[in-house]
Amino acid sequence: MLRVVVLGAAAGGGVPQWNCGCPVCRAARSEHPELQSTQASIAVSADGDHWYLINASPDLRQQLIATPQLHPGAGQLRHSPISGVILTNGEIDAVAGLLSMREGWPFTIYAHARVLSILKASSIFNVLSEKNVRRQPIELDETFEPALPDGAPSGLEITPFAAPGKSAWSLEGSAHPAGRDGDGDTLGLRIGDTASGKYFYFLAACAHVTDDLKSRLAGAPLIFFDGTVWRDDELIAAGLGNKTGQGMGHMAMSGDHGAIKALANLGIERKIFLHINNSNPVLLRDSAERTIAERAGWQIAADGTEITL
Ligand SMILES: [Zn+2]
């Protein structure tokens, strides 16, 4: 059985974002606390006892407190059900939470060599001693099975693939520690249960849907997909910033080149938008945008959502 918990549904900054006075952030601080959401991450398990995080957001500590499945086992002085963290990119939003996992519990970080090179280039991450916290490089299009702490198989099979995207923000204007060329900075994941064969896809960042990606996702039982912005120029139109969705490596939900249209009619059973920016009007339950997304068969992820496949 494949168990998934949405630890956080929001894009970078969360909802509300500390310095944002947009309508969604204002509502989340006042009359609509249910809009509050932490930064995107999910936890997945095949046995219900050992869990793997997909990305470690800056809100990880809060997310772990809110998720009983990830609390230390009963009667154990030092314990965590977390056996590993799989990183899909090297953005601060995906890796900063690792720093909250520094109290000596052994686990493995699975990431592409390009992302591991970003961790290695920052001395702060040395706090996760390689003796306790193994770094395991993963390759594009090569399925791997994360191991349990005792080396036994986890029952999960994970296939990373290149997602159309961009390099990490923190590297803008400076050299990538792994060099200029090559895929691996932004991954999509196919996550399956070896026993049942059930699977889902996780793509928290995707700049556009290629034909290759369409055929990969066709017929999937479940996808989590990049829901950062409703429209490409949303941040500019709202006076919140000067970057387009595309400029940040995220395709819009709406429009002729948006995710709703691109992923229609592919026989995907359940479609969930994740990594939703606080500028996105789809977050407001009575918005026209929310109605359009839901009528098109999409669900908007919320923190704490649990799914069993
Ligand atoms: Zn805001």
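Among the residues of region 132-152, just one is at pLDDT below 95 and assigned to a strand (DSSP E or B), namely Ala147.
Asn242 meets each of the listed conditions (1) more than 16 Å from the ligand (Cβ to nearest atom); (2) more than 17 Å from the chain's Cα centre (by Cα) apart from (1).
Evaluated against (1) crowded, with 21+ Cβ neighbours inside 10 Å; (2) within 23 Å of Arg114 (Cβ to Cβ), Phe200 falls short on exactly one condition, (2). Taking region 199-268 and the helices (runs of 4 or more DSSP H) fully enclosed by it, the elements with 2 or more residues that are closer than 30 Å to Tyr52 by Cα are at 211-217, 259-262.
All conditions in (1) more than 16 Å from the ligand (Cβ to nearest atom); (2) under 17 Å from the mean Cα position of the chain (by Cα); (3) touching a residue at least 60 places away in the same chain (Cβ under 8 Å) hold for Ala11, with the sole exception of (1).
Among the residues of region 294-309, those that are more than 13 Å from Arg270 (Cα to Cα) and surrounded by 15 or more Cβ atoms within 10 Å (Cβ to Cβ) comprise Ala302, Asp303, Gly304, Thr305.
The values are calculated or read from the model by the stated rules, or taken from the named source; none is laboratory data. Note that the structure is predicted; figures quoted are calculated from it, not measured. FYI the Cβ positions are ideal-geometry reconstructions off the backbone, even for glycines, and counts take in every protein chain you see.
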